[in-house]
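Asks: Here it is, the structure, as structure tokens.
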Amino acid sequence: MNYIRGWILLSVIVGVMIALGFYVLFQYFLFRDRSFLYFFLSFIAFALYFLTYERVGYAIFGSDYITRFTSNYIAILCSFFYFGFSRHFLATRQHFPRTDRFLRLVQVLYIVPLLFILLINLGVFWNFSTYIHTFHVLAFLALIIVAIRSFANHNPQSGYYLLVNSLFFVCLCVYIYYLYHRPAIEHTAPFFLRASLKIGSLGQVVLFALAMAHRFRKLSLQVVEKQLENERLGKERIIEIQEIISSKNIE
């Protein structure tokens, strides 16, 4: 029963992530706001991670080795894109330049394990996943601290981000606990413990999609206001020209 429920939840998560991902990608092409692009890349990578981790890739590649190898690196890429999304969503470059440099450093550090692909294929550094899990926890804890600081400075979007990321952080910690104790509790663990990362990710992508819809409306209003302002300035310019012509004619 847990197996069937897990696959049903996986299908829902992947479908929602892909659908919302491409919806947000369309918004990126409209406004060229990088937070939309990073949102798309992050959650599409999340969907691919779940597909590979749940051995969907086994049916394609026919090898558990390739499946495990791929899921580890997709997870790293997912976190890399998520940090980019967080930086642009919270506008840390404008509000906290030093903090933004720190987040960029953490984001770059996620690329480092990707450089060990050849060594892993040779059997070196294969058991480094424990350190990656610890790094995930510390990195997302840093994002929560940044969100708290941003919220204290009255950033309107930071409160929403803080709520969503805190809920996901709890699910992430629960899932990492399950990974560490998996050999002993694999057959007795409750469904929530097994699916904690999926549940947290589904809630995260849905809530953030609502936040991005609010951002879409805000950008749309800014575009409309800019167009109205341009029309007003154009009319004022026409009136000025007419007044100058009228003055010249009188002279």
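Asks: One residue is enough: does the stretch 226-238 have a residue meeting the conditions among the hydrophobic types (A, V, I, L, M, F, W, C), part of a helix (DSSP H, G or I) and in contact (Cβ under 8 Å) with a residue 12 or more places away in the chain?
Replies: Looking for residues that are among the hydrophobic types (A, V, I, L, M, F, W, C), part of a helix (DSSP H, G or I) and in contact (Cβ under 8 Å) with a residue 12 or more places away in the chain, one finds none in the stretch 226-238, hence no.
Asks: Further question on the same structure: Consider residue 156 against the criteria (1) assigned to a helix (DSSP H, G or I); (2) open to solvent by 20 Å² or more (accessible area, probe 1.4 Å); (3) not polar (S, T, N, Q): it satisfies all of them except one. Which criterion is unmet?
Replies: Condition (1) is where residue 156 drops out.
Asks: Read through the list (1) open to solvent by 70 Å² or more (accessible area, probe 1.4 Å); (2) touching a residue at least 40 places away in the same chain (Cβ under 8 Å); (3) among the polar types (S, T, N, Q), then give the number of the only condition that residue 201 fails.
Replies: (1)
Asks: Residue under question is residue 160, and the condition is that it be touching a Leu at 6+ places or on another chain (Cβ under 6 Å) and under 28 Å from residue 108 (Cα atoms); does it hold?
Replies: No.
Asks: Mind listing whichever residues of the stretch 163-177 are closer than 20 Å to residue 214 by Cβ and touching a Leu at 6+ places or on another chain (Cβ under 7 Å)?
Replies: Correct list: 164, 165.
Asks: Just need a number here: residues in the stretch 173-186 that are in contact with a helix residue (DSSP H, G or I) (Cβ under 6 Å, 6 or more places away or on another chain) and either open to solvent by 20 Å² or more (accessible area, probe 1.4 Å) or modelled with pLDDT of 85 or more (or both).
Replies: 1
Asks: Is it the case that residue 168 is touching a residue at least 60 places away in the same chain (Cβ under 8 Å), of a type outside the set (S, T, N, Q) and either open to solvent by less than 30 Å² (accessible area, probe 1.4 Å) or not in a helix (DSSP H, G or I) (or both)?
Replies: Against the criterion (touching a residue at least 60 places away in the same chain (Cβ under 8 Å), of a type outside the set (S, T, N, Q) and either open to solvent by less than 30 Å² (accessible area, probe 1.4 Å) or not in a helix (DSSP H, G or I) (or both)), residue 168 does not qualify.
Asks: A further question follows. Can you pull out every residue in the stretch 32-55 that is more than 17 Å from residue 84 (Cα to Cα) and either at pLDDT 80 or above or buried (at least 16 other Cβ atoms within 10 Å of the Cβ) (or both)?
Replies: Across the stretch 32-55, the qualifying residues are 47, 48, 49, 50, 51, 52, 53, 54.
Asks: For residues that are open to solvent by less than 20 Å² (accessible area, probe 1.4 Å) and more than 23 Å from residue 211 (Cα to Cα), tally how many sit in the stretch 85-111.
Replies: 2
Asks: Among the residues of the stretch 189-211, is any over 30 Å from the mean Cα position of the chain (by Cα) and either assigned to a helix (DSSP H, G or I) or on the phi > 0 side of the Ramachandran plot (or both)?
Replies: No; the residues of the stretch 189-211 include none that is over 30 Å from the mean Cα position of the chain (by Cα) and either assigned to a helix (DSSP H, G or I) or on the phi > 0 side of the Ramachandran plot (or both).
The values are calculated or read from the model by the stated rules, or taken from the named source; none is laboratory data. Quick caveat, the model's predicted, so the values are computed rather than measured. Counting neighbours? That spans all protein chains shown, and the Cβs are built from the backbone with ideal geometry, glycine included. The protein model used for the area step is the full one, side chains on, heavy atoms only, and it has no ligands, DNA or RNA in it. Shrake-Rupley method; radii C 1.70, N 1.55, O 1.52, S 1.80 Å.
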